[in-house]
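Novice: Before I ask anything, here is the structure I am working with.
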Amino acid sequence: MKLFVTGGAGYIGSHAVKAFGRAGHDIVVYDNLSTGHEGAVLYGKLVRGDLSDVEFLLKTLDKFRPDAVIHFAASIQVEESVRKPLLYYRNNVVNAVNLLEAMLKTGVRYLIYSSTAAVYGMPKKIPVNETAAINPINPYGASKAAVEQILSDTTKTTDLRYNSLRYFNVAGADTDGQLGQAYADATHLVTRAMKTALGLTSKLAIYGTDYQTPDGTCIRDYIHVNDLVDAHIKALNHLMKTNESNVLNCGYGHGFSVREVVNVAKKVTGIDFPVAETGRRAGDAPVLVADSKKLKNITGWKPQHDDLEFILKTAWEWEKKLHSQDIFKEKK
Ligand code: UDP
């Protein structure tokens, strides 16, 4: 199969490209390398391009004529989205529209879309399933929800069909040690904990201890990146077999508080790194835990790494490698 992967040089995208590449698919990665790395693209061909460059996007898509598009490229930081909403609407919504228009013009029918648990805002019922109200509390979640609406509307008048995968908290790294998260400014809890353990930052901030949760810190459902990638593979197969558009939650169904993650990170690294309790971070929901029954039932997805300690171990191995070797240090 021919797959066009936007954001394939980024964290989740690069793991997906490896999995699809190993399965023998023909891949073109379209990435502007704003946060991704050339060296992270282990399979297929990397085309350095921006989704805002409508002409180049169309030309690239037209030349390759893929069977499906997997759209990872996006801005993903909740707090940044609160400060820079227009950046998020441009990168996530306008660019997605550019991609959809290019797909329709070149006759590409299938899309796997990277959505987020942030579309739910503060869900009333935990674990949250796909029928819960869409009520984002930050521009990041709102930008992803807007594209889901656009996708749903587009299927009504075209033959485009999609699966929107609502990611919960993706963490961990490739079990072969070839890939992992490598952002210049990592904001995610797991990566920051690892960097603090390595001494790259002086202390790990815990953002808020006054939430309505048992220990006062936010609770998240951490899913290993390879399990998430497998959800993409299963979802694409199901989509192409059934022609059915679907929205699917991706998580394990149980959550850990920030304090619990910090404790496991200290255990896994063997380092009692400094932690500072600070105020809340803008845009954070207290609890986000997935009900992923639909994903399991319709696609046959079975998680392999539902183990926080294992997830953090893979993140730790990767982080040590990233900072001890000249990996992904290519010039931009
Ligand atoms: N968090 C924290 N310190 C950090 C980074 C994150 O306390 O340095 C908290 C954050 O407030 C949230 C949880 O960890 O409650 C997960 O945040 P992350 O940025 O990893 O993912 P998000 O849930 O925003 O997608």
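Novice: Suppose we filter the stretch 249-295 for residues that are touching a Ser or Thr at 6+ places or on another chain (Cβ under 7 Å), crowded, with 20+ Cβ neighbours inside 10 Å and hydrophobic (A, V, I, L, M, F, W, C); how many remain?
Specialist: 2
Novice: Moving on. Can you say whether Val190 is of a type outside the set (Phe, Trp, Tyr), surrounded by 15 or more Cβ atoms within 10 Å (Cβ to Cβ) and either within 10 Å of the ligand (Cβ to nearest atom) or over 22 Å from the mean Cα position of the chain (by Cα) (or both), as far as the supplied structure shows?
Specialist: yes
Novice: Sticking with this one: With the condition kept exactly as written, say whether any residue in the stretch 259-275 is part of a loop (DSSP other than H, G, I, E, B), within 16 Å of the ligand (Cβ to nearest atom) and of a type in the set (Asp, Glu).
Specialist: No, every residue in the stretch 259-275 fails to be part of a loop (DSSP other than H, G, I, E, B), within 16 Å of the ligand (Cβ to nearest atom) and of a type in the set (Asp, Glu).
Novice: Given the conditions (1) of a type in the set (A, V, I, L, M); (2) over 27 Å from Ile137 (Cβ atoms); (3) at pLDDT 95 or above; (4) away from the ligand (no atom under 13 Å from the Cβ), which single one is not true for Leu312?
Specialist: (4)
Novice: Looking only at the stretch 192-224, filter to residues that are touching a strand residue (DSSP E or B) at 6+ places or on another chain (Cβ under 8 Å) and of a type in the set (S, T, N, Q); which one of those is farthest from Ala282 (Cα to Cα)?
Specialist: This residue is Thr196.
Novice: Please state which of the following conditions Leu248 fails to meet, knowing it meets all the rest: (1) among the hydrophobic types (A, V, I, L, M, F, W, C); (2) in a helix (DSSP H, G or I); (3) in contact with a helix residue (DSSP H, G or I) (Cβ under 9 Å, 6 or more places away or on another chain); (4) more than 16 Å from the ligand (Cβ to nearest atom).
Specialist: Leu248 satisfies every listed condition except (2).
Novice: What's the total number of residues in the stretch 213-245 that are of a type in the set (Asp, Glu), in contact (Cβ under 8 Å) with a residue 60 or more places away in the chain and more than 10 Å from the ligand (Cβ to nearest atom)?
Specialist: 3
Novice: State yes or no: is Gly300 more than 10 Å from the ligand (Cβ to nearest atom) and without any contact (Cβ under 8 Å) to a residue 40 or more places away in the chain?
Specialist: no
Novice: Let me ask something else about it. Restricting attention to the stretch 197-212, report how many residues are of a type in the set (A, V, I, L, M, F, W, C), within 8 Å of the ligand (Cβ to nearest atom) and either closer than 15 Å to Val170 by Cα or not in a strand (DSSP E or B) (or both).
Specialist: Of the residues in the stretch 197-212, the ones of a type in the set (A, V, I, L, M, F, W, C) are 197-198, 200, 204-206.
Narrowing further to those that are within 8 Å of the ligand (Cβ to nearest atom): 204-206.
So of that shortlist, the ones also either closer than 15 Å to Val170 by Cα or not in a strand (DSSP E or B) (or both) come out as none.
So the count comes out to 0.
Novice: Modelled with pLDDT of 95 or more, within 16 Å of the ligand (Cβ to nearest atom), in a strand (DSSP E or B) and buried (at least 21 other Cβ atoms within 10 Å of the Cβ): is that true of Val119 in this structure?
Specialist: In short, no.
The values are calculated or read from the model by the stated rules, or taken from the named source; none is laboratory data. The model shown is predicted, which means the values in this text are computed figures rather than measured ones. Methodologically, a virtual Cβ is constructed for each residue, glycine included, from the backbone with ideal geometry; neighbour enumeration extends over all protein chains shown.
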